[in-house]
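The values are calculated or read from the model by the stated rules, or taken from the named source; none is laboratory data. What you see is a predicted model; the values in this text were computed from it and never measured. We place every Cβ from the backbone using ideal geometry, glycine too, and count neighbours over all the protein chains shown. Remember, those area values only see protein heavy atoms, side chains included, never the ligands or the DNA or RNA. Shrake-Rupley method; radii C 1.70, N 1.55, O 1.52, S 1.80 Å.
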Amino acid sequence: MKSINQLSKNSIFKFYLALVLILVVLLTLFSCKPEEAKAEDIRVESKIQAQLTSPPFVPAPVGARKAANLVVDMEIIEMEGEMTGGVKYVYWTFGGTVPGSFIRTRVGDEVEFHLKNHPDNKLPHNIDLHAVTGPGGGAESSFVAPGQEKVFSFKTLNPGLYVYHCATAPVGMHIANGMYGLILVEPKGGLPPVDKEYYVMQGDFYTEGDYGKPGLQAFSMQKAIDEHADYVVFNGAVGAISGDNALTAEVGETVRLFVGNGGPNLVSSFHLIGEIFNKVYVEGGSMVNENVQTTLIPAGGAAIVEFKVEVPGTFILVDHSIFRAFNKGALGMLKVGGDENEKVYSGTQLEKTYLPEGSVIQAMPVAEKGKEPQNVPDKTLAEQLVHGKQLYAQTCFACHQSAGQGIAGAFPPLAKSDYLNADVGRSINAVLYGLTGEITVNGDKYNSVMTSQNLTDEEIADVMTYVYNNWGNNKTKVTPAMVKEQRR
Amino acid sequence: MLNSKLNLVLLTAIWFLSQQFFAQEQKEDMAYVKGGSYIPLYGADSVWVKVDDFLLDPYPVTNAEFLKFVHENSEWKKSGIKKLFADERYLYNWKSDYSLGENVSEKAPVTNVSWFAAKRFCECQGKRLPTLDEWEYAAMADEDTPDARVKESYNQKILSWYETPKTFENNVGSTFKNYWGVYDLHGLVWEWTLDFNAVLLSGESRNDSDTDRNLFCGSGSVGATDLMNYAALMRYAFRGSIKARYSIKNLGFRCARDAQSL
């Protein structure tokens, strides 16, 4: 009896012991994880000055760097800049650029933020960083008058790509004038290494004069309230990342873009023509989506996109709300150099005419009649060239490209163009009424459609003079009278 | 009896008129602003503010005028100022204590002056700084209306000034003369008011609807009043960001005086 009793007691004891052991093991297993995840408790060991960069560049990756006390010096500058050829605008900036300087941190950093409002500035400003956990994202603590400096600190708790912006009344106006940028919080150990990294941020602008109207353009509060944007651009101005300022990469490289959207109003359908994003950190957070064509970036939000470039060429960044790209400036370029890879992309293999119901020429909408100015004295060649260059950037550039080189197989070149130089009347006609069907330019066949352009005689004269007097063409001076002659 | 009563009334009237005349003559360099009531910012629960008649300098105080003041009151000179009364940027753009330097116009508004200095200057002239309500009241006027705030063009003009850099370099009188005969309330420099910090804007403007229901119910206001509120909001935001010892490049002042105290 006794021994049986003893036995059962023994087994009960053993059972409890096992239970306790399991509990301890479980506890240690689970307690490991939260301890590592708790960013708040990460110790900082050194004090370093943050490297800030102007777009489209980003500071060096954090890599294996330990969490640190990171000093950020950010200066606010109100300054005049150029929105597009001949159009000036007063930008309010973080660090003298739109978007503002890129800030790169890692989880656990203690950021000591110095916000300096330049004495020449007219207005008070502040900063709301979406990476901050705290009231107003720092806005209240950083409210700073012209000629003053404010300091506040925060710890980066959550990895991700975050927008920062000014939040001083009227908030919409401060954002609309360019007061936004990106702050990256990398995870411990950093993001996986890539070959190229760039910083691109979309913004919408509201001006008194419509798109392209020259001169200093004031901000239009009414248009902003109505959400009628005149400009939708990457990096603060039309052409900020195209032509000579295009982003670059080499075939075989992996490219990472930190893309933000400052707004103030519009949501971006960010797309890279001719590429598929291998990875998208959706909304700049931790969720990774793969094989994405177009990613939605909310106003006041961001995304990290990654892709490998397999073939050379020019790839166009757009907001795929596509009229913004071709009519309001939301267009950028990534130029990829290197060897062709015909396995991935062949180029044109065959071309022939296909005209099932005859050709139809599309026309651009014509504004009110009689806007043709009367008795305007003929411009000098120099004046024509200046005006023509602006018109070219607004009207022709998207297809014929920045130096008139065109796009092989699609849009014929205007540079050293035998077709253009052979017959000025025929060329004027093409601009006036469009052109369709097969033509041969410099030995290459093109079979594409050019739309009829809604331009005045004077504008056509200017832009064509610009084209004829550049890129190795025959220097014809086209006059409004010559254009008028071609009108039917 | 009736006659004597009439006489009394007449005498009183004559006395009153002469007083008025005397007053006008004495302060003819100041603009007379007839008082009234107005709502500082439109919104769901804004309150009416009453303003009594007052006199206001037609121009902001110039560098030349302030230089004269400094000559007469050396404790307010650039190098002599007590740290309590002005920060390091006090008269920063002046060459030295008693010299403006070549790049500073005598006729430009004096800026980089603290509230303490501005207040003292006015007191030495037998005047005072205008109150926030007085300043805003006078600044509602355009060339021909005492309250032009409902005009879209007027608000747009003010907003576009807020975006024009370096207007502090211009001379006083370079903007328009308003209904009351006052120049430069908009378009030149910000101006100190006696109680500039009476309305607190926390800097977190999206919260301010809570901190001051009377002034910042921006979300409650819609349509045509928005532009007007935006222009005013920027002034209030500016005032909310400053402290009395700050000396700012874009901030000057002018003086006022009670109409009755004459």
Query raised in the report: For peptide B:233-240, how many partner chain Cβ atoms fall within 10 Å of a residue's Cβ, on average?
Result: 5
Requested in this report: Sort the following peptides by mean Cβ neighbour count (other Cβ atoms within 10 Å, averaged over residues), highest first: A:393-406, A:453-466.
Outcome: A:453-466, A:393-406
Report summary line: With DSSP loop assignment and no more than 13 other C-beta atoms within 10 Å, the chymotrypsin sites (Phe, Trp or Tyr not before Pro) in the range B:56-100 are B:Tyr98
Query raised in the report: What share of all Cα pairs of the range A:425-488, in percent, falls into each consecutive 5 Å distance bin?
Result: 4, 18, 24, 23, 21, 9, 1
Report summary line: Long-range amide H partners of A:Leu216, meaning residues 5 or more apart or on another chain whose placed amide H is closer than 5 Å, are A:Lys88
Query raised in the report: If each of A:Val71 and B:Asn103 carries a label point 7 Å out from its Cα toward its Cβ, how far apart are those two points in nm?
Result: 2.7
Requested in this report: May I ask you to derive the FRET efficiency for A:Ser346 and A:Ser321 from their Cβ-Cβ distance with R0 = 30 Å, giving the value to the nearest 0.05?
Outcome: 0.50
Query raised in the report: Residue-wise, which Karplus ³J(HN,Hα) couplings in Hz belong to the range A:425-436, taking 6.51 cos²θ - 1.76 cosθ + 1.60, θ = phi - 60°, and x for glycine or proline?
Result: x, 4, 5, 4, 4, 4, 5, 5, 10, x, 8, 9
Requested in this report: Quantify how much of the Cα-Cα distance distribution of the range A:197-337 extends past 24 Å, in percent.
Outcome: 29
Report task. Using a 10 Å cut-off on Cβ atoms, rank the peptides A:198-209, B:134-145 from the highest mean neighbour count down. Result -> A:198-209, B:134-145
Requested in this report: Would you mind giving the mean number of other chain beta-carbons within 10 Å of the Cβ of each residue in A:125-133, as a whole number?
Outcome: 1
Query raised in the report: Tell me, in nm to one decimal, what length is gained between B:Phe176 and B:Asn73 on full extension, where the rule is 0.36 nm per residue of separation less the Cα-Cα distance?
Result: 33.8 nm
Report task. Would you please give the FRET efficiency between B:Asp52 and A:Thr248, computed as 1/(1 + (r/R0)^6) with r the Cβ-Cβ distance and R0 = 56 Å, to the nearest 0.05? Result -> 0.25
Query raised in the report: Could you give the distance between the Cα centres of the range A:117-180 and the range A:289-303, to the whole Å?
Result: 24
**Report entry** ³J(HN,Hα), Karplus 6.51/-1.76/1.60, whole Hz, each residue of the range B:123-128, x for Gly, Pro
**Finding:** 4, 5, 8, x, 10, 8
Report task. Amide H neighbours of B:Asp195 under 5 Å, at least 5 residues apart or on other chains, H built in the peptide plane: list them. Result -> B:Leu132
Report task. On the protein heavy atoms, probe 1.4 angstrom, tell me the percent of accessible surface of the range A:54-127 carried by carbon and sulfur. Result -> 54
**Report entry** chain A, helix-only ellipticity at 222 nm - DSSP H runs n ≥ 4, -39,500 (n - 2.57), divided by all residues, nearest 500
**Finding:** -6500 deg cm²/dmol
Query raised in the report: With heavy atoms of protein chains only and a 1.4 Å probe, what residues of the range A:191-231 have at least 50 Å² less accessible area in the full set of chains than alone?
Result: A:Met221, A:Gln222
**Report entry** Per principal axis, descending, Cα span of the range A:312-352 in whole Å
**Finding:** 34, 29, 12
**Report entry** Residue-averaged beta-carbon neighbours from other chains (10 angstrom radius) around B:158-169
**Finding:** 5
Query raised in the report: Give or take rounding to whole Å, what are the principal axis extents of the alpha carbon atoms in chain A, in descending order?
Result: 122, 60, 36
Query raised in the report: Order of A:328-336, A:129-137 by packing, highest average Cβ count within 10 Å first?
Result: A:328-336, A:129-137
Query - Cross-link reach list, aspartates and glutamates versus A:Lys352, counting only Cα pairs under 17 Å and skipping chain neighbours closer than eight places - result: A:Glu438, A:Asp444
Report summary line: In the structure shown, of A:Lys122/A:Lys223; B:Lys151/B:Lys177; A:Lys213/B:Lys177; A:Lys389/B:Lys166; B:Lys82/B:Lys249; A:Lys122/B:Lys50, the pairs separated by more than 25 angstrom at the C-alpha atoms are A:Lys213/B:Lys177; A:Lys389/B:Lys166; A:Lys122/B:Lys50
Query - Spatially proximal aspartates and glutamates relative to B:Lys78 (Cα-Cα < 16 Å; intrachain offsets below 8 disregarded) - result: B:Glu65, B:Asp87, B:Glu88, B:Asp97
Report summary line: FRET efficiency for A:Asn447 and A:Lys196 from the Cβ-Cβ distance with R0 = 45 Å, rounded to 0.05, comes out at 0.80
Report summary line: So, with points 7 Å from each Cα along the Cβ direction, the B:Tyr92-A:His114 label distance in nm works out to 1.5
**Report entry** Filtered trypsin sites (Lys or Arg not before Pro), the range B:70-160: DSSP coil and at most 13 other beta carbons within 10 Å
**Finding:** B:Lys82, B:Lys83, B:Lys95
Requested in this report: Starting at the first residue of the range A:43-55, write each ³J(HN,Hα) from the Karplus equation 6.51 cos²θ - 1.76 cosθ + 1.60 with θ = phi - 60°, in whole Hz, x for Gly and Pro.
Outcome: 7, 9, 10, 9, 10, 10, 8, 6, 7, 10, 10, 7, x
Requested in this report: Leaving out ligands, DNA and RNA, calculate the buried accessible area for the pair A and B with a 1.4 Å probe, summed over both sides, in Å² to the nearest 100.
Outcome: 2900
**Report entry** Computed label-point distance, nm, for sites A:Glu149 and B:Trp161 using a 7 Å Cα→Cβ extension
**Finding:** 3.2
Report task. Grab the Cα-Cα distance for A:Asn289 and A:Ala408, subtract it from 0.36 nm times how many residues apart they are, and report the gain in nm with one decimal. Result -> 39.5 nm
